[in-house]
1. Which one of A:Ser310, A:Ser320, A:Ser368 is polar (S, T, N, Q), closer than 29 Å to A:Val502 by Cα and either touching a residue at least 40 places away in the same chain (Cβ under 8 Å) or surrounded by fewer than 24 Cβ atoms within 10 Å (Cβ to Cβ) (or both)?
2. Working carefully through the options A:Thr482, A:Thr491, find the one that is in a helix (DSSP H, G or I), touching a strand residue (DSSP E or B) at 6+ places or on another chain (Cβ under 9 Å) and among the polar types (S, T, N, Q).
3. I'd like to know if the range B:121-130 contains one or more residues that are aliphatic (A, V, I, L, M) and under 20 Å from the mean Cα position of the chain (by Cα).
4. Kindly indicate whether A:Gly377 is surrounded by fewer than 22 Cβ atoms within 10 Å (Cβ to Cβ) and in the same structural domain as A:Val300 (by TED's automatic domain parsing).
5. Of everything in the range B:89-101 that's part of a helix (DSSP H, G or I) and within 10 Å of chain A (Cβ to nearest Cβ), which residue is surrounded by the most Cβ atoms within 10 Å (Cβ to Cβ)?
6. Of A:Tyr350, A:Tyr273, which residue is surrounded by fewer than 23 Cβ atoms within 10 Å (Cβ to Cβ) and among the hydroxyl-bearing types (Ser, Thr, Tyr)?
7. Here is a list: B:Lys69, B:Lys59. Which entry is without any contact (Cβ under 8 Å) to a residue 12 or more places away in the chain, more than 8 Å from chain A (Cβ to nearest Cβ), surrounded by fewer than 20 Cβ atoms within 10 Å (Cβ to Cβ) and more than 30 Å from A:Leu563 (Cβ to Cβ)?
Amino acid sequence: MMMKKDYLIWIAIKTGLLSGVIAIFLCLIGMVEVFSKRDVIEKIITLGDFILLATAVSAGVIAARATSNPEQQKQPLKNLIAGALAGITTGVVIAAFIGLSQQINLRSVFLSASPSLFDLLTFKGGTNWIWMYPAIGMAAGLLGTILFLLPEKFRQPITRAIFITFLLALFSGLFRVVMINQSDNIAKAGKYLFGQTGLTLSGAIIFFVAVVSISMFWSAESTNLQKGFARIPKKGQTGVRVVVFAILAYMVLMLPQVSGPFIAQVIVIVSLYALMGLGLNITLGFAGLLDLGFVAFFAVGAYTVGLLTSYGIFGLQHVSFWVAVPIAVLVSMMFGAFLGLPVLGVRGDYLAIATLGFGEIVRLLAGSDFLAPFFGGPQGIIGIQKPCLGTLGEFVRVDVPRICNGLEFAGPKEIYYLAVASAILIAFIALRLQRSRLGRAWMAIREDEDVAEALGINLIQTKLLAYMLGAAFAGLGGAIFTVLVGSIFATSMQLIVSINVVSLIIVGGMGSVPGVIVGAIALIGLPELLREVSEYRFLFYGAALIMMMLAKPEGLWPSQATLRELHHDDSGEDSEIASTKSSQAKA
Amino acid sequence: MSILNLDNVHTYYGNIHALKGISINIEKGEIVTLIGGNGAGKTTTLRTISGLLKPREGKIHLNGDDILKYQAHEIVYKGVSMVPEGRGVFARLTVLENLEMGAYSRNSKEELSRNMERVFTLFPRLKERRTQVAGTLSGGEQQMLATGRGLMSNPSVLLMDEPSMGLAPVLVELIFDTIQQINKEGTTILLVEQNALMALSIANRGYVLQTGEIIISDTAENLKKNPTVQKAYLGME
């Protein structure tokens, strides 16, 4: 079937218009301007240029894909025309936008349409240079098409290399700081590869080439390597695993010493969200009970530790952190049961609303003037004693911290160990729970409550246990958060924290323990590291969630059951048809 | 000796009087069927026996023990198991996992493997498909799985809700043959069916339920000859 010429042109132009509009959108919300202060490759290309180019390149890819017919052979010429046209259209739209902005003042409506944005877009040359946009657009569109046309063998390594180099460029400032503090040679290498805010040109080329070659080598040799590993005698295999594990453990242990407090703090926050995620994963992922007020348990854990250990005026007791944590976990469990009991019979949407209310009640009560004599109200609880390995000095008087004779977990570099160890321990417990009898009962309730009950599962007990254990994990997270920050304010227990936790579970993969960790790294860790973009954090969240639901609804690291549900038609149906046929043949 | 006895049971959905004083008696080793049209209260009766609904009035005895004092999940431990209507298998779990769920109330490993072996002997198809996800099974296989899961708790009374629903005639026959087989192995069966002819052909006795009341109770042979039953449920004039 021949594709009509005008149809092809229309697809290309439509794609180009769409990506042009997206580019304008990115300009008007101020993203391009903010991002252009940051380099991807030092002095050559900024992040702002990069996202504008990315719109044109993806226009090329999309146009090429839309104009190729999977049943026919690839038609490079057609695809190239379509890709180029889409790129040109993108460029024309941007150029038109710049031209328009010179005539009328867009700033009265769009605050971000500032003169500096247009200086940036016009290379400070007025309208003299805007003819370049269609040209650059065409080049980018062609680049996208060529990427699409490349055989799989090359395309995958190249896209992977672009992606990884881009990630390295985003974090190059961090790498640079870490490497410069090391011995001379490492410091030199660091300066050579990483610039202040982006990769150096040579760094970018080195990383790109390295990833491409490793990736191509791996796809060619991975089966051989795996066979080779299988050929090593069993004892040797265990040995290799032990060595790998030891290296990993050493890296985890040494990381905060090497990386400095900023990265340690980010990892602590990721671990705390992972703790909350693991907790909610029990109620939501395992037992299917949606809880939108999960931050309440985090708050309970935090306030319990605060009240028990603070040397400020609100400190009720002055016990050590190690005594306070188990109490905090128990109190959180009690609150879990306290929330669970009234909502036991509530299902689905109604449960979401009921729990949402619970979360808000806890926050409002903790921050209220009414309870201010106990919880400090809006002033919060300050002066929380840091954990101390060793003996803790006597409590002298209010506002004087007790002296720690031994190792004090004073800052993020030390609390890192506490948080990471807790997250690993809780992840291990969650994995064991998932495979236990209780885990199976949760799964049955998630699938069908009535049938579960008819099979002998005690709904009340099982659901309450889900709430209590979930709350316990979140309470532990809250306890560690308190000592990290050294104070508690009700305002930090916002609804948005609960929503973050739900999002990270969805992105990671509902009901999957490794998924929670991956989700926490992706949704919490990356935005924390990229402080410049934190203004657009929720834009990214929204975009990430929509893209996940469209492209990978089972999550980044899905559980077995979810994977089966979403992909059962790939294998299950076929085998059914096959076996029906074979049984017919037998008959 | 009577194994299951319902005495003047009244069950409500809110203000709707669904069961208006039902009395049923089942002897050990029998197949008893409950026939009736849509909304007659057949499923409600089963849900009341298994404890998912609590009657406002009346008594239910299992082996002489009053089971109204137990929760639904405890009744399973007393030896009553239900195969729900519309099969109700756990669609995302494998056949094997579904069966293991059925044995949730049984702790011993040996008992589990013994019951599993029994189910696989009754339904060889399930053994072939034990690693397959239940949602991808055909309707007949799902019914087999639901029945097998009901047997995994090794019940003395098996409550079956509309096992023939939505199945091809060949499969209906297969399922009913298996029900007889299960009964011969010593399980008492209470069978709820819209397909009255099939049900009466394997049952010892039957009750006819109409808008929450039992209007006829007799042996299966006599019910087949009863003009009311013939007219209303067997499609004969």
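1. Being polar (S, T, N, Q), closer than 29 Å to A:Val502 by Cα and either touching a residue at least 40 places away in the same chain (Cβ under 8 Å) or surrounded by fewer than 24 Cβ atoms within 10 Å (Cβ to Cβ) (or both) holds for just one of A:Ser310, A:Ser320, A:Ser368, which is A:Ser368.
2. Just a single option satisfies the conditions, and that option is A:Thr482.
3. yes
4. yes
5. Among those residues, the one meeting the criterion is B:Asn98.
6. A:Tyr350
7. Being without any contact (Cβ under 8 Å) to a residue 12 or more places away in the chain, more than 8 Å from chain A (Cβ to nearest Cβ), surrounded by fewer than 20 Cβ atoms within 10 Å (Cβ to Cβ) and more than 30 Å from A:Leu563 (Cβ to Cβ) holds for just one of B:Lys69, B:Lys59, which is B:Lys69.
Residues checked against (1) buried (at least 24 other Cβ atoms within 10 Å of the Cβ); (2) aliphatic (A, V, I, L, M); (3) in contact with an Asp or Glu (Cβ under 6 Å, 6 or more places away or on another chain):
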| position | (1), (2), (3) |
| --- | --- |
| A:Glu414 | no, no, no |
| A:Ala419 | yes, yes, no |
| A:Phe428 | no, no, no |
| A:Glu449 | no, no, no |
| A:Ala452 | yes, yes, no |
| A:Ile460 | no, yes, no |
| A:Ala471 | yes, yes, no |
| A:Gly475 | yes, no, no |
| A:Thr491 | no, no, no |
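The values are calculated or read from the model by the stated rules, or taken from the named source; none is laboratory data. Values in this document were obtained by computation on a predicted structure and should not be read as measured data. Every residue, glycine among them, receives a Cβ derived from its backbone with ideal geometry; neighbour counts consider all protein chains shown.
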